[in-house]
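Enquirer: Have a look at the structure that comes next, please.
The values are calculated or read from the model by the stated rules, or taken from the named source; none is laboratory data. These numbers come from a predicted model, not from an experiment. Cβ atoms come from the backbone with ideal geometry, glycine included; neighbour counts cover every protein chain shown.
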Amino acid sequence: MGKALDGVRILDFTHVQSGPTCTQLLAWFGADVIKVERAGAGDITREQLRDVAGADSLYFTMLNHNKRSVTIDTKNPEGKLVLEALIQKCDVLVENFAPGALDRMGFTWERIQELNPRMIVASVKGFGPGPYEDCKVYENVAQCVGGAASTTGFDDGPPVVTGAQIGDSGTGLHLALGIVTALYQRTMTGRGQKVLAAMQDGVLNLCRVKLRDQQRLERTGVMKEYPQYPNGTFGEAVPRAGNASGGGQPGWILKCKGWEHDPNAYIYFITQAPVWVKICNVIGREEWATHPDYATPDARLPRLKEIFAEVERWTMTKTKFEAMEILNKYDIPCGPILSMKEIAEDESLRKTGTIVEVDHPVRGKYLTVGNPIKLSDSPTEVTRSPLLGEHTDEVMAELGYSPAQIDALRTAGAI
Ligand code: CAO
């Protein structure tokens, strides 16, 4: 079966996490992704957080599946010519260098347009245009400047960053959408364009509900679903809300059986209004279903702590999976806190290809996260990440270089 992006060639100038996340997705959808790296070194993550001596790290392998790797020294004059040939052959150039690095190499937007007016040039940067546009940015910086850190954590603690890589992988996802959109527009205009996904913007987009709450707070001075209500105080900015739900259905994380020794024996429990009567029945507080202090969502808001404490008395008598099974029977929304170990061993995630075992010639078998987006007419087969420069000769031959020319370029240090 063909793939959605068959025939699309991506010149992949990305490194670390944000850019590689984007190009890996495009590769999974069928694009031919040619990753350009420096000979002898490659993407810095090949050797970061290494767990097997001499093998590419999991950091690298898990972000670079289904790609080809070519080595080119883009600061070498002959290397630049190879890159020019690639620019003429590809549809999209994706990069996440520090601001200005592509220009310093000599590949300005104008130069790229001269070489290939259909070329889409897609970039991840830390910030969009403005006072910080020249700054280098990593994941946690993006979480801090995009509003995630100030709104994550508990009220009495410092700002907290989340393990979900919303700055890097999140922005890579945004960029991928920008690229396919630009490819679609090109089918009508015939022209390429620049696509920019700034990490600050990507994180803020994912924190949209907190900007919603900022404006609610400014209008009303209080947010009744936040744990600060009714006894705490609200300041000028959206406070950290612990595990409170970001939506209109209050929720919290509750202890389950075994919490004393298992750090993940917890469940997220949502007191969804339409199933309130069922909740009362399950936890044995039938009288709350009709009592005026508990029967309506508004009446419950000032009593959420007491209500969750009462639900927790029930969840503590069950394992998180027992609680999930019982609650689901009554359509009560909840979710066990799954550890990475539990997720890695989850059979259903393996069946759907969300967790995939991959074989690598140097490191052997390892697990990775497969394509989380499933297309019925474009299924994803995850193939291992390339070794450094594994496809240099193959790609050079496709560009029309003879074996003798390839050898000469190698001797000159251009590839
Ligand atoms: N041949 C020759 N030179 C090459 C090359 C190649 N194949 N590939 C890269 N280089 C050069 C670049 O031209 C650049 O040189 P100059 O500084 O002389 O212009 C140099 O390598 C380093 O690039 P860099 O500044 O992007 O790398 P860094 O390690 O110093 O910074 C990072 C890393 C991530 C902070 C920075 O790239 C950045 O801010 N990127 C944008 C935001 C981003 O994506 N952050 C997420 C990072 S985690 O996903």
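Enquirer: Mind checking which residues of the range 144-180 are out of contact with any strand residue (DSSP E or B) (no Cβ under 8 Å at 6 or more places or on another chain), more than 17 Å from Gly246 (Cα to Cα), more than 10 Å from the ligand (Cβ to nearest atom) and assigned to a helix (DSSP H, G or I)?
Expert: Within the range 144-180, Cys144, Val145, Gly170, Leu173, Ala176, Leu177, Val180 meet the criteria.
Enquirer: Scan the range 90-97 and give yes if some residue there is over 27 Å from Cys144 (Cα atoms) and either over 25 Å from the mean Cα position of the chain (by Cα) or within 15 Å of the ligand (Cβ to nearest atom) (or both), otherwise no.
Expert: yes
Enquirer: Tell me yes or no: at least one residue of the range 176-184 is touching a residue at least 12 places away in the same chain (Cβ under 8 Å) and farther than 30 Å from Ala27 by Cα.
Expert: So far as the range 176-184 goes, no, none of its residues is touching a residue at least 12 places away in the same chain (Cβ under 8 Å) and farther than 30 Å from Ala27 by Cα.
Enquirer: Tell me, which residue of the range 98-112 that is within 12 Å of the ligand (Cβ to nearest atom) and either touching a residue at least 24 places away in the same chain (Cβ under 8 Å) or assigned to a loop (DSSP other than H, G, I, E, B) (or both) is surrounded by the fewest Cβ atoms within 10 Å (Cβ to Cβ)?
Expert: Per the stated criteria, the residue is Gly100.
Enquirer: Which pairs have Cβ atoms under 9 Å, sit 6 or more apart or on different chains, and link a residue in the range 115-132 that is closer than 13 Å to Ala197 by Cα and within 16 Å of the ligand (Cβ to nearest atom) to one that is among the basic types (Lys, Arg) and outside any loop (DSSP other than H, G, I, E, B)?
Expert: Val121/Lys194; Ala122/Lys194; Ser123/Lys194
Enquirer: Give the residue that is nearest to Leu25 (Cα to Cα), with candidates limited to residues of the range 185-205 that are of a type in the set (Gly, Ala, Ser) and more than 16 Å from the ligand (Cβ to nearest atom).
Expert: Step by step, filter the range 185-205, then rank; the result is Gly192.
Enquirer: Of everything in the range 217-231, what is free of Cβ contacts under 8 Å to residues at least 24 places away in the same chain and either farther than 19 Å from Asp155 by Cβ or loosely packed, with under 13 Cβ neighbours inside 10 Å (or both)? Give them in sequence order.
Expert: Glu218, Arg219, Thr220, Gly221, Asn231
Enquirer: Can you pull out the residues in the range 58-77 that are of a type outside the set (Val, Ile, Thr) and over 19 Å from the mean Cα position of the chain (by Cα)? Spell out the reasoning first.
Expert: First, pick out the residues of the range 58-77 that are of a type outside the set (Val, Ile, Thr): 58-60, 62-69, 73, 75-77.
Those that are of a type outside the set (Val, Ile, Thr) and over 19 Å from the mean Cα position of the chain (by Cα): Arg68, Ser69, Asp73, Lys75, Asn76, Pro77.
Enquirer: Given the criteria closer than 27 Å to Gly192 by Cβ and over 21 Å from the mean Cα position of the chain (by Cα), does Asp51 qualify?
Expert: no
Enquirer: A follow-up question, please. Of all residues in the range 386-415, which are out of contact with any strand residue (DSSP E or B) (no Cβ under 7 Å at 6 or more places or on another chain), assigned to a loop (DSSP other than H, G, I, E, B), within 17 Å of Val36 (Cα to Cα) and among the small types (Gly, Ala, Ser)?
Expert: Gly413, Ala414
Enquirer: Restricting attention to the range 6-28, which residues are surrounded by fewer than 23 Cβ atoms within 10 Å (Cβ to Cβ) and more than 12 Å from the ligand (Cβ to nearest atom)?
Expert: Residues satisfying the conditions are Asp6, Gly7, Val8, Arg9.
Enquirer: Just checking, how many residues over the range 29-84 are of a type in the set (A, V, I, L, M), buried (at least 17 other Cβ atoms within 10 Å of the Cβ) and in a helix (DSSP H, G or I)? If you could, list the steps in order and put the result at the bottom.
Expert: Kept after step one, since they are of a type in the set (A, V, I, L, M), are these residues of the range 29-84: 31, 33-34, 36, 39, 41, 44, 49, 52-53, 55, 58, 62-63, 70, 72, 81-83.
Okay, now just the ones that are also buried (at least 17 other Cβ atoms within 10 Å of the Cβ), so 31, 33-34, 36, 39, 55, 58, 62-63, 70, 72, 82-83.
So of that shortlist, the ones also in a helix (DSSP H, G or I) come out as 58, 82-83.
Of the residues in the range 29-84, 3 are of a type in the set (A, V, I, L, M), buried (at least 17 other Cβ atoms within 10 Å of the Cβ) and in a helix (DSSP H, G or I).
Enquirer: Check the range 295-313 and report whether any residue there is more than 30 Å from Glu218 (Cα to Cα), basic (Lys, Arg) and either outside any loop (DSSP other than H, G, I, E, B) or modelled with pLDDT of 95 or more (or both).
Expert: yes
Enquirer: Name the residues in the range 63-78 that are in contact with a Ser or Thr (Cβ under 9 Å, 6 or more places away or on another chain) and within 13 Å of the ligand (Cβ to nearest atom), would you?
Expert: Leu63, Asn64, Ser69, Val70, Thr71, Ile72
Enquirer: Output the number of residues of the range 156-176 satisfying the condition of being under 14 Å from Phe127 (Cα atoms) and among the β-branched types (Val, Ile, Thr).
Expert: Within the range 156-176, residues that are under 14 Å from Phe127 (Cα atoms) and among the β-branched types (Val, Ile, Thr) number 1.
Enquirer: OK, next. Restricting attention to the range 206-221, does a residue exist that is under 30 Å from Asn96 (Cα atoms) and within 16 Å of the ligand (Cβ to nearest atom)?
Expert: Taking every residue of the range 206-221 in turn, at least one turns out to be under 30 Å from Asn96 (Cα atoms) and within 16 Å of the ligand (Cβ to nearest atom).
Enquirer: Regarding Glu236, is this residue assigned to a loop (DSSP other than H, G, I, E, B), surrounded by 16 or more Cβ atoms within 10 Å (Cβ to Cβ) and among the charged types (D, E, K, R)?
Expert: no
Enquirer: Could you check the range 39-57 and list, in sequence order, the residues that are modelled with pLDDT of 95 or more, within 16 Å of the ligand (Cβ to nearest atom) and within 20 Å of Glu390 (Cα to Cα)?
Expert: Those that are modelled with pLDDT of 95 or more, within 16 Å of the ligand (Cβ to nearest atom) and within 20 Å of Glu390 (Cα to Cα): Gly42, Asp43, Ile44, Thr45, Arg46, Glu47, Gln48, Ser57.
Let's see how each residue does on (1) more than 25 Å from Gly146 (Cβ to Cβ); (2) not aliphatic (A, V, I, L, M):
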{"position": "Gln193", "(1), (2)": "no, yes"}
{"position": "Lys210", "(1), (2)": "no, yes"}
{"position": "Leu217", "(1), (2)": "no, no"}
{"position": "Glu225", "(1), (2)": "no, yes"}
{"position": "Gly232", "(1), (2)": "yes, yes"}
{"position": "Lys257", "(1), (2)": "yes, yes"}
{"position": "Glu260", "(1), (2)": "yes, yes"}
{"position": "Ile267", "(1), (2)": "yes, no"}
{"position": "Ile283", "(1), (2)": "yes, no"}
